Amino acid sequence: SEVVVQAVCRQIKDWQAKRLPCVPVAVNISWRQFRNPRRLLATLDEALSATGVDPAFLEIELTESSAMQDIASAIATIRLLNERGLSCAIDDFGTGYSSLSALKRFPIRKLKVDRSFVIDIDNDPNDAAIVKAIIAMAHALRLKVVAEGVETQSHLEYLRGLKCDQMQGYLFSPPLAAEKIEGFLK
């Protein structure tokens, strides 16, 4: 929502003012928001302009199922975001019905593998095979891969072995309020 985008930009600006090492912050955008690119772009432009935050610190996430609802429109909107210096990622990858021919046309930089596959990679050979295939496919398309739901050391080691680019999950930290993230950034 507009309020979330503005709050995230203000938070990034606050961390930068405190001279904390900043990392990009991902914001999930609903299909409803994505379907109205003019309003979405105005919201993003306004928040970035008001705070002076570099667009490189804001990452836009769209779920796989949302991205596939209107592929041509999604591609056009992602291109407009990229022109503004914003990067885009497909979230919850593996849970929707992606067309691989569409996926290769998406001007995205990152896929986020849904936690439902990651959580059982050391118990379910099918989930392990799916995660391995997603990572290999993404790398072949020159995309970064984030594994969601990393909760154990064995998850971490398996994903490192597959050269997964980034990981997130309770192994590293539960979700935190902005004030508590400052300790991580320090």
### Query
Of all residues in the stretch 36-64, how many are closer than 27 Å to Gly94 by Cα and either buried (at least 16 other Cβ atoms within 10 Å of the Cβ) or free of Cβ contacts under 8 Å to residues at least 24 places away in the same chain (or both)?
11
### Task
Would you check if there is a residue in the stretch 151-164 being within 27 Å of Leu20 (Cβ to Cβ) and touching a Phe, Trp or Tyr at 6+ places or on another chain (Cβ under 7 Å)?
yes
### Summary
The residue from Leu171, Leu81, Leu159, Leu185 that alone is in contact (Cβ under 8 Å) with a residue 40 or more places away in the chain and touching a Ser or Thr at 6+ places or on another chain (Cβ under 9 Å) is Leu81
### Message
Given the criteria β-branched (Val, Ile, Thr), open to solvent by less than 60 Å² (accessible area, probe 1.4 Å), at pLDDT below 95 and more than 20 Å from Val8 (Cα to Cα), does Val113 qualify?
### Response
yes
### Query
Could you list, in sequence order, the residues of the stretch 1-13 that are free of Cβ contacts under 8 Å to residues at least 24 places away in the same chain and crowded, with 16+ Cβ neighbours inside 10 Å?
none
### Summary
Per the filter on the stretch 13-52, residues of a type in the set (A, V, I, L, M), under 19 Å from Ala178 (Cα atoms) and more than 18 Å from the chain's Cα centre (by Cα) are Ala17, Leu20, Ala47, Leu48
### Selection within the stretch 14-30 - surrounded by 16 or more Cβ atoms within 10 Å (Cβ to Cβ) and assigned to a helix (DSSP H, G or I)
Trp15, Gln16
### Summary
Exactly one of Thr77, Thr95 is modelled with pLDDT under 95, over 30 Å from Lys18 (Cβ atoms) and surrounded by fewer than 16 Cβ atoms within 10 Å (Cβ to Cβ), and that residue is Thr95
### Task
Return a yes/no flag: does the stretch 151-161 have any residue that is part of a loop (DSSP other than H, G, I, E, B) and either out of contact with any strand residue (DSSP E or B) (no Cβ under 8 Å at 6 or more places or on another chain) or modelled with pLDDT of 95 or more (or both).
yes
### Query
Quick check: anything in the stretch 137-146 touching a strand residue (DSSP E or B) at 6+ places or on another chain (Cβ under 6 Å), open to solvent by less than 20 Å² (accessible area, probe 1.4 Å), in a strand (DSSP E or B) and among the β-branched types (Val, Ile, Thr)?
yes
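The values are calculated or read from the model by the stated rules, or taken from the named source; none is laboratory data. As the structure is a prediction and not an experimental result, all values here were calculated from the model. As a convention, Cβ positions derive from the backbone with ideal geometry for all residues, glycine included, and neighbour counts pool all protein chains shown. Just so you know, the surface numbers come from the protein's heavy atoms only, side chains and all, with ligands and any DNA or RNA stripped out. Shrake-Rupley method; radii C 1.70, N 1.55, O 1.52, S 1.80 Å.
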